[in-house]
Amino acid sequence: MEYMTPEELAVERQQVELVFGLTGGELETDPWYGWYRDGKLLYWYEQAPEWSVDSAYDLPRGIERDDASNVRTVVVDCLFGAPPAPSGWRIVETYLNSGETECWCHPGPSYPRHDDGTYGPTVRAADPDCPLCDGDGIVYLGDGWCELVCVREQPELGTRSHGTLRTSDLLSAFAGILLDCGGSGTTTDAAARRIIDTDGATLERYASLFPGSSCDLLGEFDEQLTSLAPLYCYWGHIEGDGADFGFWVDHEQIRDDIAQGYLDTESGPNEWIDINDHGNATLYIGAREVWSVV
Ligand SMILES: [Zn+2]
């Protein structure tokens, strides 16, 4: 990306807001870190565009377009091709934009009383000093600007970090897992990036000098990973091995919900689970498979 001054970036952000109709403060102020590892995306917002419809997407596990933690829209210049999806996310729809719109310094025709006593439309001039349109009255971002609707991929089940309980090891492991899973969309992502950019010896020193704050940070990663666990699964250590961290099936919750009638064991339109004689289990929502374990 070419270098832009903070002033130019501020102008571009306002242009993006105008051209894409995002003037209600929808755009996030923090960049989306983790877009192909070292890139960062400046313009994005939670959910899919308001005018789009659910049926346009192939959304996994019952996710809907207004699911704020699992659906995001990126606004980006795709003139030379769309960027690849970031780790943990999948692009499900691309909407090309005309890239231009009327500027707000140019409010369109008004109906003033003319000197001769008649009334009629007069096009009001654009502001010649307007930084958004350079006095043209038309904001032009460029060709190729798109909205990319992205959906979080479901984390794979199974072990992710094994055999260590040292805080410094867990910090870097959890940080890496969080970013691989597409991040949380909170400030915790920036902390995770700092951790994976830090070498092992420095992390170890940090953990021994500041045990309290390193445990707090580990707790933050843990909390965000918990929120990413698939349906009827949990993040944490597996039963019987306190040093084996990953995403695991929550058999207890499944048993409880079957017993209370919240989870069906025969196919239907909602969530249901198929457990065979060998103990293999597959969770579905309607006809869609959510996960399967042996
Ligand atoms: Zn203008």
Cα-based shape type of the chain, given that a ≥ b ≥ c are square roots of the gyration tensor eigenvalues and the cut on a/c is 1.5: oblate
Rounded to 5, percent antiparallel among DSSP beta bridges of region 252-294: 90
Rounded, prolate or oblate (a/c below 1.5 giving rounded, otherwise prolate when a/b exceeds b/c) for region 252-294 by Cα gyration tensor: oblate
In order through region 253-267: 3J(HN,Hα) via Karplus (6.51 cos²θ - 1.76 cosθ + 1.60), integer Hz, x for Gly, Pro: 5, 4, 4, 4, 6, 5, 4, 8, x, 7, 10, 7, 10, 10, 4
Hz values of 3J(HN,Hα) by residue in region 280-289 - Karplus curve (6.51, -1.76, 1.60), Gly and Pro given as x: 5, 10, 10, 9, 10, 10, x, 8, 8, 6
Over the chain: helical MRE at 222 nm, DSSP H runs n ≥ 4 each giving -39500 (n - 2.57), nearest 500: -7500 deg cm²/dmol
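Rule-based calculations on the coordinates, nothing more; no lab input. Note that this is a predicted model, so its numbers are computed, not measured.
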